[in-house]
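The values are calculated or read from the model by the stated rules, or taken from the named source; none is laboratory data. What you are looking at is a predicted structure, and each value in this text was computed from that prediction instead of being measured. All Cβ positions, glycine included, derive from the backbone under ideal geometry; neighbour counts span all protein chains shown. Ligands, DNA and RNA are stripped out before the accessible areas are found, and what is left, the full protein with its side chains, is counted by its heavy atoms. Shrake-Rupley method; radii C 1.70, N 1.55, O 1.52, S 1.80 Å.
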Amino acid sequence: MRNAWLLCQKELRSYFNSPVAYIVLTVFLLTTGFFFTSSLFLYDQATMRTLFSLVPVIFLFFVPAITMRLLAEEKRSGSIEVLVTLPTRDWEIIVGKFLAAWGLVIVAVLLTLFYVLSLSMIGDLDGGETFAGYLGLVLLGGAYAAIGTWSSSLTRNQIVAFIISMAIIAALYMVDDLLPILPMSLAPVLQFLSTSYHYENISRGVIDTRDLIYYASLIFLMLYLAHHALASRKWK
Amino acid sequence: MIQVENLTKQYGPLVAVRDVSFTVSTGEILGFLGPNGAGKTTTMKVLTCFMPPTAGRVTIDGMDVFEKSLEVRRRIGYLPEANPLYPEMNVQEYLTFIAGIRGVAKAKLGDRLDAVAAVCGLKEMMRREIGELSKGFRQRVGLAQAMIHEPDILILDEPTSGLDPNQIVEIRNLIRRLGEEKTVILSTHILPEVQATCDRVLIINRGRLVADGTPHELTTQFHGDEQIQLEVRGTTGDLLKSALATVPGIVWLEVADGKDVTARITAERGSDLREPISRCIVDQGWTILELHRERTSLEQVFRQLTSTEEGADA
Ligand SMILES: Nc1ncnc2c1ncn2[C@@H]1O[C@H](COP(=O)(O)OP(=O)(O)O)[C@@H](O)[C@H]1O
Ligand SMILES: [Mg+2]
C-alpha cells in the first residue's frame with residue numbers, strides 16, 4: 001500500500017508539473033461557473049440542484065481527460081517497463097494511478113464549494129441536500145476515474161483511451177433511459193446498472209447502502225480489469 | 001549468480017529466443033552481443049521479471065524470477081533499451097520516486113542521491129527537468145535510476161546507444177567501475193563495446209546462443225590458424241624457405257622474392273612462432289625488417305558467427 005501511495009503522489013505531481021491539471025480544472029470551473037451563475041439568475045433560488053444535475057455531464061469529458069494518460073502514456077513511452085520491474089505489485093500501480101485521478105476529480109469538485117459559500121450568503125441553503133449532492137458527485141467521480149483507469153490500460157494511445165472511457169461512461173449513465181423501449185421485466189436490472197439511477201438516489205439525500213455498494217463494486221470491477229490488462233504481459 | 005536454463009521465448013508464432021542457457025557469476029561483466037533482432041532485449045526482459053519465459057527457467061541467486069519475482073526485482077537495477085523517463089519530472093524528483101519504491105530508507109536517501117549524482121556526473125542537473133536534458137544526460141539519469149538502490153546486479157540494454165563518442169567512453173568507464181563490485185549484463189550490437197568493457201561475451205544470433213567465452217577465447221576458438229607476415233633482407237626466397245622448414249609448427253608458407261623477401265606464414269592454431277622464426281633468421285645472419293602476427297579479431301568472429309544463415313545451425 002505504501003507503494004500505491006508513492007505512485008499516487010508521483011502521478012499527482014505529474015498532473016501539477018504539466019499544464020494538464022491547470023487546463024482541465026480551469027475548463028471545469030469555467031463551465032460550472034457559467035451554468036451556475038446563469039441558473040442562479042434564472043430561477044432566483046438558493047439551490048445547488050442545477051449544478052448537481054449538470055456536473056455528471058461535464059464529467060463525461062472531464063474525467064476521461066484526466067485518466068486517459070494514466071497507463072496509455074506509460075505504455076507508449078515504455079516507462080511501464082521501468083515501473084513493473086521495480087519491486088512493486090501490479091495492483092499497487094493500478095490503485096496508485098486510480099487514486100491520483102480520483103484525487104484530482106475531488107479537487108475539482110471541492111473547488112465548486114466556492115459556489116456553495118456564495119449561495120449560503122445570499123439565501124437559505126439546505127445543508128443536508130448539499131452534502132448528499134457532494135457525496136454523490138465524489139462517488140460518481142470515483143466510478144468514472146476507475147472506468148478511465150481501465151480504458152487507459154487497454155491501449156497505448158491516449159485519444160483511444162479517452163474515447164473508450166467516454167463511451168463506457170455515457171453508456172452506463174444512460175442505460176436506464178432505454179427503459180421505455182425495452183420490456184418492463186428488464187427495468188430493475190437496467191436501473192441497477194445505471195450510474196445515474198444511483199447518483200440520483202444519493203443526491204436526493206437518501207443514502208442507501210445499496211447505492212454505496214454499487215459504486216464500490218463498479219470501482220472494484222474496473223480496477224480488477226485494469227490489473228488484468230496490465231498483467232497480460234505475463235501470459236505465456 | 002544468474003542461471004539461465006533452456007530459455008525460450010515466443011511472441012505468438014515468432015520464436016525470439018530459442019533454448020538459450022548460460023550462467024553469470026557474481027562480479028562478472030557480461031556482454032550480450034548480437035545483431036538487431038537477435039533476441040537480446042527479449043532475454044533481458046525475462047531476466048528483469050518483465051515477462052515470463054515460454055519455456056525454461058531463470059534463477060537469480062537460486063530464486064526463480066517468477067516465483068520470487070519481488071525479491072529478484074529488489075536485487076536488480078535495469079536500464080531498458082529505450083531508457084524511458086518522465087519528461088515532466090526533474091532529475092531529483094524522479095530519482096527520489098524510484099528510490100522510494102526501491103525501498104531506500106529516508107535516512108539514506110540524501111547520501112544515495114549524492115552518490116549516484118557524483119558517479120553519473122549529474123550534480124549540476126539534479127534540479128533540471130528531464131525533458132530538457134540532452135540525450136547523454138538522460139542516459140545518465142537512466143543509469144542513476146538503475147543503481148540508486150545499490151543493486152547487486154545491473155542489467156543494461158544498449159547503454160551507450162545514441163551517445164556521441166566522448167559520452168560513450170565516459171559511460172563505458174562508468175560501467176567498468178561499477179563492474180568491479182557488481183554483476184553487470186549489458187547488451188550491444190557494437191563490437192568494440194564488448195572488447196572495451198566485458199570480461200565475457202555471449203554472441204546471440206536469431207535467438208540462439210552461438211558463442212560463449214572471453215573475447216580472447218572466442219578469437220582463438222573461432223578462427224583457427226595464425227598468420228605471420230615477415231619481411232627479410234639479405235636472402236632469397238628459396239634460402240628463406242629452406243631455413244624456415246626447420247621451424248616446427250608452420251603449416252603453410254608463401255614467399256615472394258623482391259628487393260627484400262616477404263613471406264606469409266600460416267602457423268598452427270594457438271601457437272606463437274614469432275620467437276623461433278626470428279631466432280632462425282637471425283642465426284642465418286639476415287635482417288628482419290618486419291615480423292607481424294595477425295590474429296583473428298573478434299569482429300571477424302562476430303561476422304562469421306552471425307552471417308551464417310539457417311544452414312549452419314540447422
Ligand atoms: N513485443 C513483441 N512482439 C512481437 N515480436 C517482438 C516483440 N519484441 C520483440 N519482438 C521480435 O523478437 C525478435 C527479437 O527482438 P529483440 O529481443 O528486441 O532483439 P534485440 O534486442 O537483439 O535487437 C525480433 O524479431 C523482434 O521483432
Ligand atoms: Mg534490443
Response to the item:
Along principal axes, largest first, the alpha-carbon spread of the protein assembly as shown in whole Å comes out as 121, 53, 40
Worksheet, complete the sentence: Cα-based Debye curve of chain A sampled at q = 0.13, 0.15, 0.17 Å⁻¹ gives log₁₀ I(q)/I(0) of -0.81, -1.04, -1.25
Discussion item. Net charge within 9 Å of A:Leu7 by Cβ-Cβ distance, Lys/Arg positive one each and Asp/Glu negative one each, not counting A:Leu7 itself?
Written reply: 0
Worksheet item: Counting other Cβ atoms within 10 Å of each Cβ, which trypsin sites (Lys or Arg not before Pro) in region B:80-164 have at most 12 and sit in a DSSP loop?
Response: B:Arg127
Discussion item. Give me the one-decimal nm value for the distance between modelled label points at A:Phe61 and A:Ile106, 7 Å along each residue's Cα-to-Cβ direction.
Written reply: 2.6 nm
Practice prompt. Compute the normalised compactness of region B:3-133: alpha-carbon radius of gyration over 2.2 N^0.38 Å, N being the residue count.
Written response: 1.24
Item to complete: Please state, rounded to one decimal and in Å, the Kirkwood hydrodynamic radius that region B:2-221 gives when every pair of distinct Cα atoms enters the mean of 1/r.
Response: 17.8 Å
Discussion item. Between 0 and 90 degrees, rounded to the nearest ten: what's the tilt of helix A:2-17 against the longest Cα principal axis of chain A?
Written reply: 70 degrees
Worksheet item: Between A:Leu113 and A:Val160, what FRET efficiency follows from the Cβ-Cβ distance if R0 is 45 Å, with the result rounded to 0.05?
Response: 0.85
Worksheet item: Do any of B:Lys68/B:Lys135; A:Lys97/B:Lys135; B:Lys9/B:Lys182; A:Lys10/B:Lys135 go past 30 Å between their Cα atoms, and which?
Response: B:Lys68/B:Lys135
Worksheet entry | Length gained when the stretch A:Leu221-A:Leu54 is fully extended (0.36 nm per residue, less Cα-Cα span) | 57.5 nm
Practice prompt. Sort region B:159-204 into rounded, prolate or oblate with this rule: let a ≥ b ≥ c be the square roots of the eigenvalues of the Cα gyration tensor; rounded if a/c is under 1.5, and if a/c is not under 1.5, prolate when a/b is larger than b/c, oblate otherwise.
Written response: oblate
Practice prompt. May I ask you to compute the full-extension gain from B:Asp283 to B:Ala245, defined as 0.36 nm times their residue separation minus their alpha-carbon distance, rounded to one decimal in nm?
Written response: 12.3 nm
Worksheet entry | Eligible lysines near B:Lys241 by straight Cα distance, threshold 21 Å, same-chain separation 8 or greater | B:Lys259
Practice prompt. May I ask you to derive the FRET efficiency for A:Leu212 and B:Arg176 from their Cβ-Cβ distance with R0 = 51 Å, giving the value to the nearest 0.05?
Written response: 0.25
Discussion item. At a probe of 1.4 Å, how much accessible area disappears from chains A and B on forming the pair, both sides counted, to the nearest 100 Å²?
Written reply: 2500 Å²
Fill in: Percent RCO, i.e. relative contact order, over chain B, from Cα pairs under 8 Å lying at least 6 residues apart
19 percent
Worksheet item: Expressed as a whole number of Å, what is the distance separating the alpha-carbon centroids of region A:156-212 and region B:254-288?
Response: 91 Å
Fill in: Rounded to 10°, Cα long-axis angle of helix A:127-153 versus longest principal axis of chain A
30 degrees
Worksheet item: To the nearest 0.05, what FRET efficiency results for B:Arg128 and A:Ile122 with a Förster distance of 45 Å applied to their C-beta separation?
Response: 0.35
Worksheet item: Modelled label-to-label distance, B:Arg233 and B:Gln92, 7 Å Cα→beta-carbon offset: nm?
Response: 6.9 nm
Worksheet item: In the neighborhood of B:Gly31, defined by Cβ-to-Cβ distances under 14 Å, what is the net charge if each Lys or Arg adds +1 and each Asp or Glu adds -1?
Response: -4
Worksheet item: Of A:Ile23, A:Ile202, which has the most accessible area with a 1.4 Å probe, and how do the rest follow in descending order?
Response: A:Ile23, A:Ile202
